[in-house]
1. So which residue, out of 28, 216, 111, gets the largest mean-square fluctuation from a GNM of the chain using Cα contacts under 10 Å as springs?
2. Consider the candidate values (i) 0.99; (ii) 0.93; (iii) 0.97; state which one is Rg/Rh (Cα atoms, Kirkwood Rh) computed from the structure displayed.
3. Given the peptides 4-15, 115-126, arrange them by the average over their residues of other C-beta atoms within 10 Å, most packed first.
4. Only Cα pairs under 8 Å and at least 6 apart count here; give the relative contact order of the chain as a rounded whole percent.
5. Using a 10 angstrom cutoff on alpha carbons, build the Gaussian network for the chain and name the most mobile of 161, 21, 153.
6. Multiplying the sequence separation of residue 108 and residue 137 by 0.36 nm and subtracting their Cα-Cα distance, what value in nm do you get?
7. Which three numbers, in whole Å and largest first, are the semi-axes of the equivalent ellipsoid of the range 185-265 derived from its Cα gyration tensor as √(5λ)?
8. If you count only protein heavy atoms with a 1.4 Å probe, what accessible area per residue comes out for the chain, rounded to a whole Å²?
Amino acid sequence: MSPIGEIESIWRYPVKSMRGETLDEIFVSFAGVMGDRLYGIINGDGNRAFPWYTIRDYEALLLYQPRYKNHSATLQPENLAAAQKMPPGINSLYPDQNQFSVEVETPDSDVYSLENNDFLDHLKSLTGNQNLSLHFSQRSQYDCRPLSIFSVEMRDLLVEELGMNIDKRQFRANFYVKWDDQSIDENDLVGHRLKIGDRLEINVLERDPRCKVITVNPDTAAVDSKLIKHIAQSHEGYAGVYGAVLVEGMVKAGDRIELLSRYRF
């Protein structure tokens, strides 16, 4: 095993396209980070292949802050330690839906529970779209793959190339990472297996194709297209990578990342 970096921070997004939350530690299952994107807003008038109503449709969604009411219950399965001790490692029992209850704080500091229709009524009145609904699933409602990974080195490179401030939160990753060596490029890790912390193992599947979402300022929802245009022209439209979980486990901020398959720097 070759150490190559560390987890700079861990993020999850309880409601798809809303603000995320940073975590000290979290359980990562085959479906991704526990509690990540369990709620999504569905556009009944939208594309059947991609039915979600997102930042692409209404940038101000990014200014809404969701929070799990029972935060501690959403960090790891209650029986995780016992399940992992039983060979070859038993599938652990996830919390019930009511333990994943969420409240959302609006940009105006109003707070809505997602257990009733008040929030949807609020959103419909703002957007004029009367065909919105809320969808819950314990299977994360990610766009393409269970895990997204983005390095602070890639952010720094883009800052240098563009000469503008770029907030890492624009890339909405689950794992922001720091590499030990400046020569490491996450794009070159595609197809390789990584171990993170004591137990989690992932496979880096592919590069992450970027869209309008990264152009939206996470604090103001203002849109600046310079970033997406530059990534399209200078980085083939990609920034960061996707991963899939091979061995489930807990992850902590600061955990070391080790390469399990051969890689030449």
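1. Fluctuation is largest for 111.
2. Label of the calculated value: (iii).
3. 4-15, 115-126
4. Relative contact order of the chain: 28 percent.
5. So, out of 161, 21, 153, the one fluctuating most is 161.
6. Between residue 108 and residue 137, full extension yields an extra 7.7 nm.
7. The answer is 29, 17, 10 Å, longest axis first.
8. Result: 48 Å² per residue.
The values are calculated or read from the model by the stated rules, or taken from the named source; none is laboratory data. In this text, all values refer to a predicted model and were calculated from it rather than measured experimentally. Ideal geometry is used to build each Cβ from the backbone, glycine not excepted, and the neighbour counts take in all protein chains shown. Note: accessible area is taken over every heavy atom of the protein model, side chains too, but ligands, DNA and RNA are not part of it. Shrake-Rupley method; radii C 1.70, N 1.55, O 1.52, S 1.80 Å.
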